[in-house]
Number of protein chains: 2
Amino acid sequence: MTILRRNFLVAEGLVKGTMTLIDQARGETLYGRMGPGTESSGGSAANTIAGFASLGGTAGFIGKVRADQLGEVFRHDIESLGVAHYTPAATEGPSTARCLVLVSPDAQRTMATYLGISTELGPIDLDQAAIARAKVVYLEGYLWDPPRAKQAFLQASRLAHDSGGQVALTLSDIFCVERHRQEFRELLGSHVDILFANELELMALTQAKDFAGALAAIRGKCKIAAVTRSEKGSVILSGDKTTEIKPEKVGQLVDSTGAGDLYASGFLYGLTRGLDMAACGRLGSLAAAEVISHIGARPQVSLKELAAQRYPKLMKG
Amino acid sequence: MTILRRNFLVAEGLVKGTMTLIDQARGETLYGRMGPGTESSGGSAANTIAGFASLGGTAGFIGKVRADQLGEVFRHDIESLGVAHYTPAATEGPSTARCLVLVSPDAQRTMATYLGISTELGPIDLDQAAIARAKVVYLEGYLWDPPRAKQAFLQASRLAHDSGGQVALTLSDIFCVERHRQEFRELLGSHVDILFANELELMALTQAKDFAGALAAIRGKCKIAAVTRSEKGSVILSGDKTTEIKPEKVGQLVDSTGAGDLYASGFLYGLTRGLDMAACGRLGSLAAAEVISHIGARPQVSLKELAAQRYPKLMKG
């Protein structure tokens, strides 16, 4: 993570607010041009799981790292939250993925990602027993980029449904939606029960003319669609119902990285505890508000304690 | 950096607010027991230099890293601020130093440091031309722990004085003062022009009964003594004069790591630009206030821009 110098994004051909895939060489060049940074574990779904665990949820994670320094830090950070990391660190192959995150003065983030060994995730990496035990299997749209991960994705979703679980998908990024629009649309009809998206991603998916049209287009395509809208809060569609959630107040908006990921943390925590849509949305907003108040996409406080202070009734029992 | 679980320090035999030296094995055990963390470059004097450069000052750094991932990140972070890192990365020997920083809910930090290759710093690593060019050579008390660094310290201070420069020393840590009290006292009379210390370190150095006694004991022992007192601000002794500096307001106190280091950044920036003691102290307080508002011991914004907003007159010209 680094704070951005003026005009840096334009000079580097990066599009503000989006994720660009890069190779290792481009990563090194870009890093050399960036200002000083800080490092923290990340990965969209891993951030969501970290937040879910920080709220007190029981979770596991499937995703590949290499047995290198970043891989060890990744494992430490997620396991120390009580999350089971089901994928052993690889002793050969590309290095652990890394993402250069550029934070603009308005707290918007722009990402350049080297996927590294993450592209090698495949069906063989699925822990079938863990998936069968799960109430929800959460999958990120980014997995549609590496081909073998897509197969793992589909197999995990079948396993989840066969054992009575639900499947959640996040659309991840507007460019990711552009790359895989048709397949994502088909997934919604076949594999996905719960959809997470931000406003722009939903517009890209539906190609609707406005936000109301996008909501109309997505309604009924899956059981629940939770759509985040930054400072406008979020909208949740469930069957015929529409639930609007106000944004949580943020003391100091520093870095929006992980906002969507952590919204999903809170939402899924509420959902797996049987709370209603409004409660799920409020917990999502609270977790997102914490993560955008500092640099980095992982919570820096116990979300369980934070939620117990803010919403004591929801967190009881 | 990690946020601390309750009773962790006591269980691990660490003393809140201080720095303990550990070996690699202890570091790995301790890391395994810590919660999730974030990583950022550090090192007391390096933090000071990073802050000095962020204010717009011209600076170089002498200190050893290994050619490993932490070493590369360290070099990137300091060089991208325009600081010349005069010491090439070693291709053999122990790994780059690392410090496990535990942040308590009251923002106090407790450190466990594995010095790694830092202990191999010696007189041969001094860039004599760079030292001769410098207005101020800034040395950290921590250098008194590894024996060859002490020799480098003394030689650097002689070089600085021979070329008309000044020598600044920070006392670093109360345990560090306890280990080297007599030698630090002798240094003040012989090598050090500008002393940085916090209240506890100064009390340990002088063994005075109270703060007033400590100030009286140190007055005249060097040209300038700048003593930081956390929320009480700072006191600067210069000749017969005493200048009291109010603390800068902090929006959100998160992590005190680097507070003293960044106070020295601002102070030295003012001093090398010929500002008076009050201005030096205010710039020190401002830099310290920024660094304690977030996790990590390096500034996350341009201190030059921050200071220009807060003290436009001081930063002009």
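Tabulated values for the structure
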item	result
Selection from region B:63-107 of residues that are within 11 Å of another protein chain (Cβ to nearest Cβ) and among the aliphatic types (A, V, I, L, M)	B:L70, B:V73, B:I78, B:L81, B:V83, B:V103
Qualifying residue in region A:162-181 (condition: in a loop (DSSP other than H, G, I, E, B), modelled with pLDDT under 95, over 14 Å from the mean Cα position of the chain (by Cα) and not acidic (D, E))	no
Helices (runs of 4 or more DSSP H) completely within region A:43-134 that count 3 or more residues being within 17 Å of the chain's Cα centre (by Cα)	A:44-54, A:69-79
Failed item in (1) out of contact with any Asp or Glu (no Cβ under 7 Å at 6 or more places or on another chain); (2) within 14 Å of chain B (Cβ to nearest Cβ); (3) closer than 22 Å to B:L70 by Cα, with A:F52 passing the rest	(3)
Scope region B:218-231; condition more than 14 Å from B:R181 (Cα to Cα) and touching a helix residue (DSSP H, G or I) at 6+ places or on another chain (Cβ under 8 Å); matching residues	B:K221, B:C222, B:I224, B:A225, B:A226, B:V227, B:T228, B:R229, B:S230
Some residue of region A:33-41 being buried (at least 22 other Cβ atoms within 10 Å of the Cβ), more than 12 Å from chain B (Cβ to nearest Cβ) and part of a loop (DSSP other than H, G, I, E, B)	no
Region B:22-32: number of residues that are surrounded by 17 or more Cβ atoms within 10 Å (Cβ to Cβ) and under 23 Å from the mean Cα position of the chain (by Cα)	2
Search result, residues across region B:189-220 that are at pLDDT 95 or above, under 19 Å from B:G165 (Cβ atoms) and surrounded by fewer than 17 Cβ atoms within 10 Å (Cβ to Cβ)	none
Selection count, region A:123-145, where residues are under 22 Å from A:M19 (Cβ atoms) and in contact with a Lys or Arg (Cβ under 8 Å, 6 or more places away or on another chain)	3
Checking A:S104 against (1) buried (at least 19 other Cβ atoms within 10 Å of the Cβ); (2) touching a residue at least 40 places away in the same chain (Cβ under 8 Å), the condition it does not meet	(1)
Unmet requirement for A:T2, which otherwise passes all of (1) closer than 24 Å to B:G71 by Cα; (2) touching a strand residue (DSSP E or B) at 6+ places or on another chain (Cβ under 6 Å); (3) at pLDDT 95 or above	(3)
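Residue by residue, here is whether (1) in contact with a helix residue (DSSP H, G or I) (Cβ under 9 Å, 6 or more places away or on another chain); (2) under 19 Å from B:R75 (Cβ atoms); (3) without any contact (Cβ under 8 Å) to a residue 40 or more places away in the chain holds:
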residue: A:R33; (1), (2), (3): yes, yes, yes
residue: A:A46; (1), (2), (3): yes, no, yes
residue: A:K64; (1), (2), (3): yes, no, no
residue: A:R75; (1), (2), (3): no, no, yes
residue: A:I78; (1), (2), (3): yes, no, yes
residue: A:H85; (1), (2), (3): yes, no, yes
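Residue by residue, here is whether (1) within 14 Å of chain B (Cβ to nearest Cβ); (2) assigned to a loop (DSSP other than H, G, I, E, B) holds:
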{"residue": "A:S256", "(1), (2)": "no, yes"}
{"residue": "A:Y263", "(1), (2)": "no, no"}
{"residue": "A:L286", "(1), (2)": "no, no"}
{"residue": "A:E290", "(1), (2)": "yes, no"}
{"residue": "A:A308", "(1), (2)": "no, no"}
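The values are calculated or read from the model by the stated rules, or taken from the named source; none is laboratory data. Computed from a prediction, not measured in an experiment: that's the story for all the values here. Here Cβ is always computed from backbone atoms with ideal geometry, including for glycine, and neighbour counts include all displayed protein chains.
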